[in-house]
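Everything on this sheet refers to the single structure shown next.
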Amino acid sequence: MNTIEKFNQHVMPTYGRLDIVLDKGSKQTATDEDGKQYIDFGSGIGTNSLGYCDSDWADAICAQARSIQHTSNYFYTKVQADFAAKLCETTGYNKVFFGNSGAEANECAIKLARKYSFDKYGKDANRNIIITLVNSFHGRTLATLSATGQDVFHNYFFPFLEGFVNVEANNIDDLKAKLAENKGKVCAVMFEFVQGEGGVCPLTKEFVDAIFEQCAEKDILTIADEVQTGVGRTGAVLTSKLFGVKPNITTLAKGLAGGVPVGACLADETCCDVLTKSTHGSTFGGNPLACAGGNVVLNKVSDPEFISEINRKGELFRKLLSEIDEVEGVDGLGLMIGVRLKTKKAADVLAQCAEKGLLILTAKEKLRFLPPLNISDENIISGMKIVKEVLEK
Ligand SMILES: *Cc1c(COP(=O)(O)O)cnc(C)c1O
(Lines give C-alpha, C1' and ligand atoms only; values in the text may rest on other atoms or scores of the structure.)
Protein backbone atom coordinates (compact mmCIF):
# COMPACT_ATOMS: atom_id res chain seq x y z
CA MET A 1 0.00 0.00 0.00
CA ASN A 2 1.36 3.45 -0.81
CA THR A 3 1.08 6.36 1.62
CA ILE A 4 -2.12 7.82 0.17
CA GLU A 5 -3.92 4.44 0.13
CA LYS A 6 -2.84 3.66 3.68
CA PHE A 7 -3.87 7.12 4.78
CA ASN A 8 -7.33 7.01 3.23
CA GLN A 9 -7.99 3.58 4.63
CA HIS A 10 -7.30 4.74 8.18
CA VAL A 11 -7.89 8.48 8.46
CA MET A 12 -11.42 9.91 8.47
CA PRO A 13 -12.16 11.62 5.17
CA THR A 14 -12.85 15.10 6.60
CA TYR A 15 -10.55 17.05 4.27
CA GLY A 16 -10.23 17.66 0.54
CA ARG A 17 -6.55 16.86 -0.01
CA LEU A 18 -4.23 17.23 -2.99
CA ASP A 19 -2.49 14.00 -4.04
CA ILE A 20 0.81 15.20 -2.60
CA VAL A 21 2.68 13.54 0.27
CA LEU A 22 4.93 16.12 1.90
CA ASP A 23 8.03 14.60 3.36
CA LYS A 24 10.34 17.42 4.44
CA GLY A 25 10.82 21.12 4.25
CA SER A 26 13.47 23.80 4.49
CA LYS A 27 12.86 27.56 4.63
CA GLN A 28 10.00 28.25 2.20
CA THR A 29 10.29 25.02 0.24
CA ALA A 30 8.56 21.69 0.84
CA THR A 31 9.65 18.41 -0.73
CA ASP A 32 7.32 15.51 -1.52
CA GLU A 33 7.99 11.76 -1.32
CA ASP A 34 9.23 11.72 -4.92
CA GLY A 35 11.66 14.58 -4.31
CA LYS A 36 9.57 17.21 -6.13
CA GLN A 37 9.96 20.66 -4.57
CA TYR A 38 7.29 23.25 -3.91
CA ILE A 39 7.60 26.89 -2.90
CA ASP A 40 5.02 27.34 -0.14
CA PHE A 41 2.76 30.42 -0.07
CA GLY A 42 0.42 28.67 2.40
CA SER A 43 2.67 27.79 5.38
CA GLY A 44 0.27 25.14 6.63
CA ILE A 45 -2.45 27.84 6.78
CA GLY A 46 -0.20 30.47 8.25
CA THR A 47 1.23 28.30 11.02
CA ASN A 48 4.81 27.83 9.80
CA SER A 49 5.41 31.52 10.36
CA LEU A 50 9.19 31.12 10.10
CA GLY A 51 8.98 28.61 7.24
CA TYR A 52 9.97 24.96 7.43
CA CYS A 53 12.41 23.92 10.14
CA ASP A 54 13.91 27.37 10.80
CA SER A 55 17.21 26.57 12.53
CA ASP A 56 16.69 28.78 15.63
CA TRP A 57 13.20 27.38 16.03
CA ALA A 58 14.24 23.74 15.51
CA ASP A 59 17.16 24.15 17.96
CA ALA A 60 14.82 25.54 20.64
CA ILE A 61 12.27 22.74 20.16
CA CYS A 62 14.94 20.03 20.19
CA ALA A 63 16.65 21.48 23.27
CA GLN A 64 13.28 21.65 25.04
CA ALA A 65 12.47 18.04 24.05
CA ARG A 66 15.74 16.97 25.65
CA SER A 67 15.12 19.05 28.75
CA ILE A 68 11.43 18.59 29.69
CA GLN A 69 8.71 17.97 27.10
CA HIS A 70 5.59 18.23 29.23
CA THR A 71 4.36 18.68 32.74
CA SER A 72 0.80 18.93 33.96
CA ASN A 73 -0.48 22.34 34.93
CA TYR A 74 -0.16 21.29 38.57
CA PHE A 75 3.41 22.54 38.21
CA TYR A 76 5.20 25.60 36.91
CA THR A 77 7.76 25.64 34.10
CA LYS A 78 10.23 28.39 33.30
CA VAL A 79 9.62 28.14 29.57
CA GLN A 80 5.88 28.82 30.03
CA ALA A 81 6.63 31.75 32.36
CA ASP A 82 9.07 33.19 29.82
CA PHE A 83 6.62 32.75 26.94
CA ALA A 84 3.70 34.27 28.85
CA ALA A 85 5.78 37.25 29.95
CA LYS A 86 7.12 37.82 26.45
CA LEU A 87 3.63 37.47 24.94
CA CYS A 88 2.09 39.96 27.37
CA GLU A 89 4.97 42.37 26.89
CA THR A 90 4.82 42.15 23.09
CA THR A 91 1.03 42.51 22.86
CA GLY A 92 0.33 44.82 25.80
CA TYR A 93 -2.03 42.41 27.59
CA ASN A 94 -2.07 41.56 31.29
CA LYS A 95 -2.55 37.78 31.36
CA VAL A 96 -2.89 34.78 29.07
CA PHE A 97 -4.55 31.35 29.10
CA PHE A 98 -2.87 28.73 26.93
CA GLY A 99 -4.71 26.08 24.91
CA ASN A 100 -3.68 24.16 21.81
CA SER A 101 -5.62 25.61 18.90
CA GLY A 102 -7.58 28.56 17.62
CA ALA A 103 -10.88 26.94 18.55
CA GLU A 104 -9.68 26.41 22.12
CA ALA A 105 -8.45 30.00 22.39
CA ASN A 106 -11.91 31.15 21.28
CA GLU A 107 -13.68 28.72 23.63
CA CYS A 108 -11.72 30.32 26.44
CA ALA A 109 -12.74 33.81 25.26
CA ILE A 110 -16.41 32.78 25.14
CA LYS A 111 -16.32 31.30 28.64
CA LEU A 112 -14.41 34.31 29.96
CA ALA A 113 -16.91 36.79 28.48
CA ARG A 114 -19.90 34.94 29.90
CA LYS A 115 -18.34 34.64 33.35
CA TYR A 116 -17.39 38.32 33.32
CA SER A 117 -21.07 39.22 33.00
CA PHE A 118 -22.21 36.47 35.37
CA ASP A 119 -19.85 37.73 38.09
CA LYS A 120 -20.82 41.35 37.61
CA TYR A 121 -24.54 41.22 36.81
CA GLY A 122 -25.64 37.90 38.32
CA LYS A 123 -27.21 34.73 36.96
CA ASP A 124 -30.69 36.18 36.58
CA ALA A 125 -29.51 38.95 34.27
CA ASN A 126 -28.91 36.33 31.54
CA ARG A 127 -26.32 38.64 30.12
CA ASN A 128 -24.76 35.96 27.94
CA ILE A 129 -25.28 36.80 24.27
CA ILE A 130 -22.18 37.13 22.11
CA ILE A 131 -22.53 39.11 18.90
CA THR A 132 -20.46 37.70 16.04
CA LEU A 133 -20.30 38.71 12.39
CA VAL A 134 -21.90 37.21 9.32
CA ASN A 135 -19.23 35.38 7.27
CA SER A 136 -16.95 34.95 10.30
CA PHE A 137 -15.01 31.81 11.20
CA HIS A 138 -14.14 30.96 14.79
CA GLY A 139 -13.43 27.22 14.81
CA ARG A 140 -14.86 23.70 14.64
CA THR A 141 -15.89 22.89 18.19
CA LEU A 142 -19.61 23.16 18.90
CA ALA A 143 -19.32 26.50 20.70
CA THR A 144 -17.01 28.06 18.11
CA LEU A 145 -19.16 26.65 15.28
CA SER A 146 -22.16 28.26 16.95
CA ALA A 147 -20.21 31.52 17.01
CA THR A 148 -19.26 31.16 13.33
CA GLY A 149 -21.57 33.32 11.21
CA GLN A 150 -21.80 31.12 8.10
CA ASP A 151 -24.89 28.98 7.52
CA VAL A 152 -22.88 26.30 5.69
CA PHE A 153 -21.37 25.31 9.04
CA HIS A 154 -24.73 24.99 10.78
CA ASN A 155 -25.73 21.53 9.65
CA TYR A 156 -25.91 18.03 11.10
CA PHE A 157 -24.73 18.75 14.61
CA PHE A 158 -27.89 20.13 16.23
CA PRO A 159 -28.49 21.50 18.73
CA PHE A 160 -25.90 24.26 18.48
CA LEU A 161 -25.05 26.43 21.45
CA GLU A 162 -27.53 29.23 22.20
CA GLY A 163 -26.64 32.85 22.70
CA PHE A 164 -24.99 33.93 19.45
CA VAL A 165 -26.45 36.75 17.35
CA ASN A 166 -24.95 37.65 13.97
CA VAL A 167 -24.42 41.16 12.67
CA GLU A 168 -23.49 41.97 9.08
CA ALA A 169 -19.81 42.99 8.84
CA ASN A 170 -19.28 46.72 8.22
CA ASN A 171 -22.97 47.49 8.81
CA ILE A 172 -23.11 49.91 11.76
CA ASP A 173 -26.92 50.16 11.63
CA ASP A 174 -27.25 46.39 11.93
CA LEU A 175 -24.84 46.42 14.90
CA LYS A 176 -26.88 49.08 16.68
CA ALA A 177 -30.16 47.33 15.84
CA LYS A 178 -28.99 43.96 17.22
CA LEU A 179 -27.63 45.63 20.36
CA ALA A 180 -30.99 47.38 20.85
CA GLU A 181 -32.97 44.17 20.24
CA ASN A 182 -30.86 42.38 22.84
CA LYS A 183 -30.52 45.28 25.24
CA GLY A 184 -28.91 44.29 28.54
CA LYS A 185 -28.30 40.71 27.33
CA VAL A 186 -25.06 41.06 25.38
CA CYS A 187 -21.78 40.24 27.13
CA ALA A 188 -19.36 40.47 24.18
CA VAL A 189 -18.83 41.30 20.52
CA MET A 190 -16.40 38.97 18.77
CA PHE A 191 -14.87 39.61 15.34
CA GLU A 192 -11.91 39.13 13.00
CA PHE A 193 -10.29 42.35 11.73
CA VAL A 194 -9.80 40.56 8.42
CA GLN A 195 -12.16 37.63 7.91
CA GLY A 196 -9.78 34.88 6.81
CA GLU A 197 -11.79 31.79 5.98
CA GLY A 198 -14.61 34.13 4.94
CA GLY A 199 -12.51 35.26 1.98
CA VAL A 200 -9.87 37.72 3.26
CA CYS A 201 -12.43 40.48 3.90
CA PRO A 202 -11.22 43.38 6.07
CA LEU A 203 -13.47 45.34 8.40
CA THR A 204 -13.67 49.09 7.85
CA LYS A 205 -12.12 51.43 10.41
CA GLU A 206 -15.57 53.06 10.87
CA PHE A 207 -17.18 49.73 11.75
CA VAL A 208 -14.40 48.78 14.17
CA ASP A 209 -14.68 52.20 15.84
CA ALA A 210 -18.46 51.71 16.13
CA ILE A 211 -17.96 48.33 17.85
CA PHE A 212 -15.59 49.86 20.39
CA GLU A 213 -17.80 52.89 20.99
CA GLN A 214 -20.93 50.79 21.55
CA CYS A 215 -19.14 48.26 23.74
CA ALA A 216 -17.48 50.89 25.92
CA GLU A 217 -20.84 52.59 26.50
CA LYS A 218 -22.56 49.35 27.53
CA ASP A 219 -19.80 47.48 29.41
CA ILE A 220 -19.66 44.84 26.68
CA LEU A 221 -16.33 43.06 26.15
CA THR A 222 -14.60 43.23 22.77
CA ILE A 223 -13.02 39.98 21.57
CA ALA A 224 -10.66 40.08 18.60
CA ASP A 225 -10.14 36.68 16.99
CA GLU A 226 -6.61 37.18 15.68
CA VAL A 227 -5.97 33.46 15.27
CA GLN A 228 -5.17 34.08 11.59
CA THR A 229 -4.35 37.81 11.54
CA GLY A 230 -2.09 37.96 14.63
CA VAL A 231 1.63 37.60 15.33
CA GLY A 232 2.93 39.69 12.45
CA ARG A 233 0.77 38.29 9.67
CA THR A 234 -0.85 41.61 8.72
CA GLY A 235 2.31 43.67 9.21
CA ALA A 236 1.89 44.44 12.91
CA VAL A 237 2.32 42.37 16.05
CA LEU A 238 -1.47 42.56 16.40
CA THR A 239 -3.88 43.83 13.75
CA SER A 240 -5.70 45.80 16.46
CA LYS A 241 -2.68 48.15 16.50
CA LEU A 242 -3.26 48.95 12.81
CA PHE A 243 -6.88 49.84 13.64
CA GLY A 244 -5.81 51.88 16.69
CA VAL A 245 -7.96 49.92 19.16
CA LYS A 246 -7.32 47.65 22.14
CA PRO A 247 -9.80 44.77 22.47
CA ASN A 248 -10.43 43.47 25.99
CA ILE A 249 -9.59 39.99 24.71
CA THR A 250 -7.43 38.83 21.80
CA THR A 251 -7.10 35.22 20.73
CA LEU A 252 -4.07 33.86 18.89
CA ALA A 253 -3.05 30.47 17.52
CA LYS A 254 -1.94 29.51 13.98
CA GLY A 255 1.47 31.22 13.56
CA LEU A 256 2.16 31.81 17.24
CA ALA A 257 4.51 28.87 17.83
CA GLY A 258 5.88 28.45 14.30
CA GLY A 259 4.11 25.16 13.52
CA VAL A 260 3.56 23.36 16.81
CA PRO A 261 0.05 23.40 18.32
CA VAL A 262 -0.73 26.37 20.53
CA GLY A 263 -3.62 28.67 21.33
CA ALA A 264 -3.63 31.77 23.49
CA CYS A 265 -6.41 33.86 24.98
CA LEU A 266 -5.08 37.24 26.10
CA ALA A 267 -7.04 39.46 28.49
CA ASP A 268 -6.63 43.06 29.63
CA GLU A 269 -6.98 44.50 33.13
CA THR A 270 -10.81 44.53 33.00
CA CYS A 271 -11.10 40.76 32.72
CA CYS A 272 -7.74 39.01 33.23
CA ASP A 273 -8.77 37.57 36.62
CA VAL A 274 -12.27 36.36 35.65
CA LEU A 275 -11.26 32.75 35.00
CA THR A 276 -10.38 31.63 38.50
CA LYS A 277 -9.06 28.31 39.83
CA SER A 278 -10.85 25.27 38.33
CA THR A 279 -13.09 27.30 35.98
CA HIS A 280 -11.02 26.43 32.92
CA GLY A 281 -8.14 24.17 31.97
CA SER A 282 -6.28 22.19 29.36
CA THR A 283 -3.98 19.21 29.85
CA PHE A 284 -1.62 20.20 27.06
CA GLY A 285 -2.12 23.96 27.43
CA GLY A 286 1.19 25.79 27.80
CA ASN A 287 3.10 22.69 26.75
CA PRO A 288 6.86 23.35 26.97
CA LEU A 289 7.55 22.44 23.32
CA ALA A 290 4.91 24.91 22.15
CA CYS A 291 6.25 27.58 24.50
CA ALA A 292 9.82 27.01 23.29
CA GLY A 293 8.68 27.42 19.67
CA GLY A 294 6.60 30.45 20.59
CA ASN A 295 9.53 32.16 22.28
CA VAL A 296 11.54 31.98 19.06
CA VAL A 297 8.63 33.36 16.99
CA LEU A 298 8.05 36.22 19.44
CA ASN A 299 11.74 37.11 19.51
CA LYS A 300 11.61 37.64 15.75
CA VAL A 301 8.21 39.30 15.55
CA SER A 302 8.92 41.79 18.34
CA ASP A 303 11.75 43.27 16.22
CA PRO A 304 10.40 46.34 14.34
CA GLU A 305 12.80 45.61 11.48
CA PHE A 306 11.20 42.16 11.00
CA ILE A 307 7.74 43.76 10.94
CA SER A 308 8.74 46.40 8.40
CA GLU A 309 10.11 43.64 6.17
CA ILE A 310 6.70 41.91 6.30
CA ASN A 311 5.13 45.09 4.98
CA ARG A 312 7.77 45.54 2.29
CA LYS A 313 7.27 41.93 1.13
CA GLY A 314 3.49 42.41 1.14
CA GLU A 315 4.01 45.36 -1.20
CA LEU A 316 6.21 43.25 -3.47
CA PHE A 317 3.40 40.67 -3.73
CA ARG A 318 0.90 43.41 -4.53
CA LYS A 319 3.13 44.94 -7.20
CA LEU A 320 3.66 41.57 -8.92
CA LEU A 321 -0.06 40.79 -8.71
CA SER A 322 -0.95 44.15 -10.24
CA GLU A 323 0.99 43.14 -13.35
CA ILE A 324 -1.31 40.16 -14.01
CA ASP A 325 -4.28 40.89 -16.21
CA GLU A 326 -6.48 38.12 -14.75
CA VAL A 327 -6.24 39.71 -11.28
CA GLU A 328 -9.32 41.78 -10.53
CA GLY A 329 -8.02 43.10 -7.19
CA VAL A 330 -6.10 42.28 -4.03
CA ASP A 331 -7.48 42.32 -0.47
CA GLY A 332 -5.91 41.88 2.94
CA LEU A 333 -3.00 43.38 4.84
CA GLY A 334 0.73 42.62 5.02
CA LEU A 335 1.36 38.97 4.19
CA MET A 336 -2.33 38.01 4.44
CA ILE A 337 -3.30 38.31 0.81
CA GLY A 338 -6.58 37.56 -0.97
CA VAL A 339 -6.63 37.70 -4.77
CA ARG A 340 -9.89 38.32 -6.65
CA LEU A 341 -9.88 36.75 -10.11
CA LYS A 342 -11.72 37.92 -13.21
CA THR A 343 -12.66 34.60 -14.84
CA LYS A 344 -10.67 31.65 -13.44
CA LYS A 345 -11.77 29.36 -10.60
CA ALA A 346 -9.58 29.59 -7.49
CA ALA A 347 -9.61 25.80 -6.93
CA ASP A 348 -8.35 25.16 -10.49
CA VAL A 349 -5.59 27.73 -10.07
CA LEU A 350 -4.54 26.08 -6.79
CA ALA A 351 -4.27 22.66 -8.49
CA GLN A 352 -2.35 24.03 -11.48
CA CYS A 353 0.07 25.95 -9.23
CA ALA A 354 0.77 22.75 -7.25
CA GLU A 355 1.47 20.94 -10.52
CA LYS A 356 4.11 23.58 -11.31
CA GLY A 357 5.67 23.51 -7.82
CA LEU A 358 3.85 26.20 -5.87
CA LEU A 359 1.52 25.64 -2.90
CA ILE A 360 -1.20 28.26 -2.38
CA LEU A 361 -4.51 28.44 -0.52
CA THR A 362 -7.97 29.61 -1.45
CA ALA A 363 -10.62 31.37 0.63
CA LYS A 364 -14.10 31.33 -0.85
CA GLU A 365 -13.66 32.39 -4.50
CA LYS A 366 -10.26 34.06 -3.92
CA LEU A 367 -6.69 32.84 -4.03
CA ARG A 368 -5.17 33.23 -0.59
CA PHE A 369 -1.47 33.60 0.24
CA LEU A 370 -0.19 33.29 3.83
CA PRO A 371 3.52 32.79 3.13
CA PRO A 372 6.13 32.39 5.88
CA LEU A 373 6.73 35.82 7.43
CA ASN A 374 10.45 35.57 6.58
CA ILE A 375 9.97 34.50 2.94
CA SER A 376 12.83 35.60 0.67
CA ASP A 377 12.30 38.05 -2.19
CA GLU A 378 13.72 35.38 -4.47
CA ASN A 379 10.99 32.91 -3.53
CA ILE A 380 8.27 35.57 -3.78
CA ILE A 381 9.45 36.31 -7.33
CA SER A 382 9.80 32.62 -8.32
CA GLY A 383 6.41 31.73 -6.85
CA MET A 384 4.70 34.69 -8.44
CA LYS A 385 6.15 33.68 -11.81
CA ILE A 386 4.21 30.43 -11.46
CA VAL A 387 1.04 32.29 -10.43
CA LYS A 388 1.39 34.53 -13.50
CA GLU A 389 1.97 31.57 -15.83
CA VAL A 390 -1.10 29.77 -14.52
CA LEU A 391 -3.31 32.87 -14.57
CA GLU A 392 -2.26 33.87 -18.07
CA LYS A 393 -2.63 30.41 -19.58
C1 LIG B 1 -8.11 28.87 11.85
C2 LIG B 1 -8.98 29.78 12.62
C3 LIG B 1 -9.65 29.34 13.78
C4 LIG B 1 -9.59 27.90 14.25
O5 LIG B 1 -8.32 27.52 14.59
P6 LIG B 1 -8.01 25.94 14.86
O7 LIG B 1 -6.58 25.96 15.31
O8 LIG B 1 -8.23 25.24 13.57
O9 LIG B 1 -8.94 25.50 15.91
C10 LIG B 1 -10.38 30.25 14.49
N11 LIG B 1 -10.47 31.54 14.09
C12 LIG B 1 -9.85 31.99 12.98
C13 LIG B 1 -9.98 33.43 12.60
C14 LIG B 1 -9.11 31.13 12.20
O15 LIG B 1 -8.52 31.56 11.09
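The values are calculated or read from the model by the stated rules, or taken from the named source; none is laboratory data. These numbers were taken from a predicted model, which means no experiment stands behind them. All Cβ positions, even for glycine, are placed from backbone atoms using ideal geometry, and neighbour counts span all protein chains on display.
Scanning segment 89-103 for residues being assigned to a helix (DSSP H, G or I) and in contact with a strand residue (DSSP E or B) (Cβ under 9 Å, 6 or more places away or on another chain) gives a total of 3.
Applying a threshold of 7 Å to beta carbon distances and a minimum spacing of six or more residues, or different chains, the list of pairs starting in segment 97-114 at a residue that is at pLDDT below 95 and ending at one that is within 12 Å of the ligand (Cβ to nearest atom) is empty. Being among the small types (G, A, S) and either within 16 Å of the ligand (Cβ to nearest atom) or farther than 29 Å from N126 by Cα (or both) is true of G199. Residue count for segment 251-288 satisfying the condition of being aromatic (F, W, Y) and in contact with a strand residue (DSSP E or B) (Cβ under 7 Å, 6 or more places away or on another chain): 0.
Pairing each residue of segment 134-146 that is on the phi > 0 side of the Ramachandran plot with any residue that is at pLDDT 95 or above and within 11 Å of the ligand (Cβ to nearest atom), provided the two are 6+ apart or on different chains, yields C-beta distances under 6 Å for N135/Q195; N135/G198; G139/G102; G139/A103; G139/N106.
Conditions tested, residue by residue: (1) assigned to a loop (DSSP other than H, G, I, E, B); (2) in the same structural domain as V297 (by TED's automatic domain parsing); (3) in contact (Cβ under 8 Å) with a residue 12 or more places away in the chain.
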position: F207; (1), (2), (3): no, yes, yes
position: E217; (1), (2), (3): no, yes, no
position: K246; (1), (2), (3): yes, yes, yes
position: G259; (1), (2), (3): yes, yes, yes
position: L266; (1), (2), (3): no, yes, yes
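Counting only strands (runs of 3 or more DSSP E) that sit wholly inside segment 1-88, those with at least 1 residues that are charged (D, E, K, R) and in contact (Cβ under 8 Å) with a residue 24 or more places away in the chain are 22-26, 37-40. For segment 211-245, the tally of residues that are more than 14 Å from the ligand (Cβ to nearest atom), touching a Ser or Thr at 6+ places or on another chain (Cβ under 8 Å) and under 17 Å from S136 (Cβ atoms) stands at 3.
The set of residues from segment 87-117 being over 21 Å from G46 (Cα atoms) and touching a helix residue (DSSP H, G or I) at 6+ places or on another chain (Cβ under 8 Å) comprises Y93, N94, K95, V96, F97, I110, S117. The residues of segment 246-256 that are within 11 Å of the ligand (Cβ to nearest atom) and touching a Cys at 6+ places or on another chain (Cβ under 9 Å), listed by number, are T251, L252.
Condition test on N100, is it among the polar types (S, T, N, Q) and farther than 22 Å from N248 by Cβ? The answer is yes for N100. Within segment 23-56, if we keep just the residues that are within 16 Å of the ligand (Cβ to nearest atom) and hydroxyl-bearing (S, T, Y), the residue that is nearest to the chain's Cα centre (by Cα) turns out to be T47.
May I ask you to verify whether N106 is in a loop (DSSP other than H, G, I, E, B) and under 15 Å from G263 (Cβ atoms)? When the stated conditions are applied, N106 does not pass them.
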